[in-house]
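Report on the following structure.
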Amino acid sequence: MAKYIMYFIIIAFLCFYDEAADARNKKGGKSKMILTSSAFKEGGMIPSKYTCDGENISPSVSWENFPEGTKSFAIICDDPDAPAGTWVHWVIFNIPAKTRSLPANVSPEKELNDGTLQGLNDFRKIGYGGPCPPSGVHRYFFKIYALDVVLELSAGATKAQLLKAMENHILAQAKIMGRYQR
């Protein structure tokens, strides 16, 4: 009998603990940070418009449920399936905290009108460079980071430089993955 009582206590504790953890995650009515795109669904195919086979423009992305204290956002898009290792398609950072989305076709300028900065992709260009896989289906991860600072990093920074600058400043992150095959 004591054995069953102990099981009941453990199960009750775990249920309460899960509810408390869920309440902490939804503090202020917000839940986990989410990144979406109107161009493709999670795990879906990226339309050729956003690739080297089309207009080679960035897709629109939007985000919600970021934490209080966010001072800026950063986005990295990369392809871990590239033959030579992970290929970086987009590095964009110091996106103002008031921003909730980026439209399609972000201009490939080092600095945008709102102070957003863009880095160097693995095509050795500033801004977005769309999917252009040599063969097979590749996965493209768009990752957003909510940061507690505006980074002291120059336009033209690489993914590695951005990741280093973001260390100990990431409040939350989210991602969306799209696929593409030529």
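Can you classify segment 32-180 as rounded, prolate or oblate using the Cα gyration tensor, where a ≥ b ≥ c are the square roots of its eigenvalues, rounded means a/c under 1.5, and otherwise it's prolate if a/b beats b/c and oblate if not? It is prolate, given that a/c is not under 1.5 and a/b is the larger ratio. As a proxy for reagent exposure, ranking 177, 33 by other Cβ atoms within 10 Å from fewest up yields 177, 33. Look at where the Cα atoms of segment 137-182 and of segment 54-107 average out, and the two centres are 7 Å apart.
Between residue 124 and residue 32, the simple label model (points 7 Å from Cα in the Cβ direction) yields a spacing of 4.0 nm.
Just want to confirm a number: the relative contact order over segment 115-182, from Cα pairs under 8 angstrom separated by 6+ residues, in percent. Display every interim value, and only then the final one.
Numbers: 91 pairs, mean separation 30.8, N = 68.
Over segment 115-182, the number comes to 45 percent.
Values quoted throughout were computed directly from the atomic coordinates according to the rules given, and no laboratory measurement underlies them. Given the structure is predicted, the values throughout are model-derived calculations rather than measurements. Positions of Cβ are backbone-derived with ideal geometry, glycine not excepted, and every protein chain shown enters the neighbour counts.
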